[in-house]
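S.K.: Questions regarding the structure given below will be posed in turn.
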Amino acid sequence: MEASKEAFLREFGEHYGYPNGPKTIDEIRATEFKRLDGLVYLDHAGATMYSELQMEAIFKDFTTNVYGNPHSQSDTSSSTSDIVREARQQVLDYCKASPKDYSCIFTSGATAALKLVGEAFPWSCQSCFTYTMENHNSVLGIREYALDQGAAAFAIDVEETVHHGVSNGTAASMKVLQYQVQRRNEASSLEEPTGEAYNLFAFPSECNFSGLRFSLDLVKIIKEDPARILEGSPFCNGRWMVLIDAAKGSATEPPDLSLYPADFVVMSFYKLFGYPTGLGVLIARNDASRLLKKTYFSGGTVATSIADIDFVRRRKSVEELFEDGTISFLSIASVHHGFKILNSLTVSAISRHTASLAWYVRKKLLGLRHENGARVCTLYGDSKALFHDFGPTVSFNLKRSDGSWSGYREVEKLASLSGIQLRTGCFCNPGACAKYLGLSHLDLRSNFEAGHVCWDDHDIIHEKPTGAVRVSFGYMSTFEDAKKFIDFVTSSFIALPNWIESGYQLMQGSESRLGAASFYLKSITVYPIKSCAGFNVESWPLSTTAGLLHDREWVLASLSGEILTQKKVPEMCFISTFIDLDKGILFVESPRCQVKLPINFITDSCNGGSEQIKLNGQRYEVQSYKNEVNIWFSNAIGRPCTLFRCFSSSHNFCLNKIKSASMRREVQSVLNFSNEAQFLLISEESVSDLSHRVSTKDVQKGACGAASQISPMRFRPNIVISGGEPYAEDGWKILKIGNKYFTSLGGCNRCQMINIVHDEAGLLQKSNEPLATLASYRRMKGKIFFGILLKYERSEPVGRDGDLWLQVGQDVHPNVS
């Protein structure tokens, strides 16, 4: 056993690994999670993993038993109803809720359960919806129902300096910050609230952003003494009900409703044991559920109704009243097998096991330092607040040695290359995100106006993070998972990049490396259809506006209008192309199509209609083609699609809407369907150096077999040059090819598309290389650069286009004046 694990077990051995359970953690991973070999999965807060034995048991159950629609009296339906009743009881038992006091309502998930409460709650103009800042968007959405009914809504932050707990008879010293009261009906704000109005207070049992657990004493405080929280508020005298969002917290610490009698609790099963998805519950106190007002009725919710008059009588049972239509009875039948796993390990043991891993990661991250002594990691959630513990979640951001932030997308991208799956962003918790990142309302609005939305790549705006990195652990997580993650952070964000040590510093001036080196144009490649294969030529004309003539002039789109690329449709690489300039024909072939398709781009241009499409935020005027052309391409890629040709675009190109200092490009140019620039240039020597590095890494890992040479075509360049030292092109500003001048727009930021290659058998192969190796020495400010982007600087007078050709073998002269 290695020293690091020995040290970990000395500190956490009595809590880690289920020492008193039916299986140790190593046995669980070896027998129930074989598919995780080689993968570190750290997004259990998003969705935990299902056990392979669990799924085998479910499959055996479904193939052995017959389950019918429970809205019937047949034998199979009756047995299904029994299974559903047992599942309800298991849910109540999990939260220690008596069926005398609580009902279990199945929904399509925790979000649907929250929506049910919001739309059925007895809001009035004197009601109030109060919620903690740290809440999921699905909880915040309840605010819409409250405000629409004339109720007030406001957020609070609850903190305490010394926690004694209300349940043991002593009071906590609390500090409460109340935010602005929101209303949509100003007239209702003039009415003084009475004690008859119903109010709702919502909080999470565990914050899905920070992992901090809220004390469930809040339930009793709000229900018994709301003035402690709402001091000075006119809503103190109302009838307060409490909702707990336990979707995140219930996997390791479900709320004990026998001690903390909340009115509503919501959960999702995939957060507990991975499967089923699309199934959740609302656990509702029976007296609270009777106050909910339901408008719609459906099959299963009525005792009787008459079709042609306004007559309906609803069922009395809480579950039957709120479960519209046929419930997901097969998913409900599978719940038993998930609870069987949790009960065998016990929730308390799961909580201790996962907590030990989270504390280990927190401790290690806090201890990381750069060479200059600066902290590497900023953790979120470490505050004096009304929380009694941490869940198995760690959220943070990383800083460089100069104090600048490493973007969370950079962390996620590199983690994926290292076989680590984690989560980044705000995790649908805008209040916690703004609170911990220090984002003001002005920051949030300006970020949105700058183009930032959830799940995009804008991780740093105005030198501030827009989100965070989150790792979270589940009952099957191991020390090895945590250790590999810490090693990844250490090697990727502390160690000096190898490219500095090797002397190939990105973007440095080229004068020191040019010397007497000579360069020449090795190959030219044209890609007529975006993301499809290109073809090599000895010479090719330049377009007067947009790079190589006909380069990326066509594009494939889905029937919904989405532009298709190899990232989503790897099969596009099998479509080969060739253009006969003399005949004015684009020829396309595919192994999936028996005939070669000729597209005459002179005569066919009149056959289709024209329309507008949008790509990379720009609008293009495009030509469409007849149905037989679209059928050919649909067969070629195995999905319906449409071919478009670019007529024109008002594309005044500037690379980034949100510019970073290191890659600011004020250069404007005209493009067809290229992502970033008219040309991509790759150096043969740079590719050779990269191949050597990948081969060396394979040898160090003990990989068998002959090392495969990386082809320059892997990077889809238009221009390949030969000569000089590797990466000499990094420092070029202006270059001359033949008698044509080009301006460098900087390095090309690479993505995982370069990791996809098709082998000799025509099969697609995907690995982490060469992007993983490039990330180790070609990374700058969150981007991985390889090759440079060029813009053609036309110097010929208008009307003299006779020599607008590039020719293989032409000399390349960098940094000419």
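S.K.: In segment 219-266, which residues are in a loop (DSSP other than H, G, I, E, B), closer than 17 Å to residue 102 by Cα and open to solvent by less than 10 Å² (accessible area, probe 1.4 Å)?
M.R.: 246, 255, 257, 262, 263
S.K.: Specify the residue that is farthest from the chain's Cα centre (by Cα); the eligible residues are those in segment 16-71 that are more than 30 Å from residue 300 (Cβ to Cβ) and of a type in the set (Phe, Trp, Tyr).
M.R.: 18
S.K.: Would you check if residue 251 is assigned by the TED database to the domain that holds residue 226, within 23 Å of residue 228 (Cβ to Cβ) and in contact with a helix residue (DSSP H, G or I) (Cβ under 8 Å, 6 or more places away or on another chain)?
M.R.: no
S.K.: Go through segment 1-35 and give me each residue that's among the small types (Gly, Ala, Ser) and surrounded by 12 or more Cβ atoms within 10 Å (Cβ to Cβ). Talk me through it step by step, then tell me what you get.
M.R.: If we filter segment 1-35 for residues that are among the small types (Gly, Ala, Ser), which is where we start, we get 3-4, 7, 13, 17, 21, 30.
Hits for segment 1-35 are 4, 13, 17, 21, 30.
S.K.: Just to be sure, is residue 76 open to solvent by 20 Å² or more (accessible area, probe 1.4 Å) and β-branched (Val, Ile, Thr)?
M.R.: Details: open to solvent by 20 Å² or more (accessible area, probe 1.4 Å): yes; β-branched (Val, Ile, Thr): yes.
Taking the combined requirement at face value, the residue satisfies it.
S.K.: Scan segment 1-24 and report the pairs whose first residue is among the aliphatic types (A, V, I, L, M) and whose second residue is exposed (fewer than 11 other Cβ atoms within 10 Å of the Cβ), with Cβ atoms within less than 7 Å and a gap of 6+ or a chain change.
M.R.: Hits for this filter: zero, empty list.
S.K.: Same structure again: If you go through segment 565-593 one residue at a time, how many are assigned to a loop (DSSP other than H, G, I, E, B), of a type in the set (Gly, Ala, Ser) and under 39 Å from the mean Cα position of the chain (by Cα)?
M.R.: So the count comes out to 1.
S.K.: Moving on. Mind checking which residues of segment 54-64 are open to solvent by 60 Å² or more (accessible area, probe 1.4 Å) and in contact (Cβ under 8 Å) with a residue 40 or more places away in the chain?
M.R.: Listed by number, the list holds a single entry, 62.
S.K.: How many of the residues in segment 327-362 are outside any helix (DSSP H, G or I) and over 17 Å from residue 104 (Cβ atoms)? Give the steps one after another, and end with the answer.
M.R.: If we filter segment 327-362 for residues that are outside any helix (DSSP H, G or I), which is where we start, we get 327-328, 346.
Filter once more, keeping what is over 17 Å from residue 104 (Cβ atoms): 346.
Here the count works out to 1.
S.K.: Consider segment 318-345. How many of its residues are in contact with a strand residue (DSSP E or B) (Cβ under 8 Å, 6 or more places away or on another chain) and more than 30 Å from residue 21 (Cβ to Cβ)?
M.R.: The qualifying residues number 7.
S.K.: If you don't mind, there's one more thing I want to ask. Are there strands (runs of 3 or more DSSP E) fully within segment 364-435 with at least 1 residues that are open to solvent by less than 20 Å² (accessible area, probe 1.4 Å)? List them.
M.R.: Details: elements: 377-379, 387-390, 393-399, 423-425.
Of the strands (runs of 3 or more DSSP E) lying wholly inside segment 364-435, those with at least 1 residues that are open to solvent by less than 20 Å² (accessible area, probe 1.4 Å) span 377-379, 393-399, 423-425.
S.K.: Here's another thing I want to ask about it. Take residue 652 and decide whether it is at pLDDT below 85 and polar (S, T, N, Q).
M.R.: Spelling it out, residue 652 is indeed at pLDDT below 85 and polar (S, T, N, Q).
The values are calculated or read from the model by the stated rules, or taken from the named source; none is laboratory data. It should be emphasised that the depicted structure is a prediction, and the values quoted were computed from it without experimental measurement. Here the Cβ is made from the backbone with ideal geometry for all residues, glycine too, and neighbour counts use every protein chain on show. Just the protein is used for accessible areas: all its heavy atoms, side chains included, with ligands, DNA and RNA removed. Shrake-Rupley method; radii C 1.70, N 1.55, O 1.52, S 1.80 Å.
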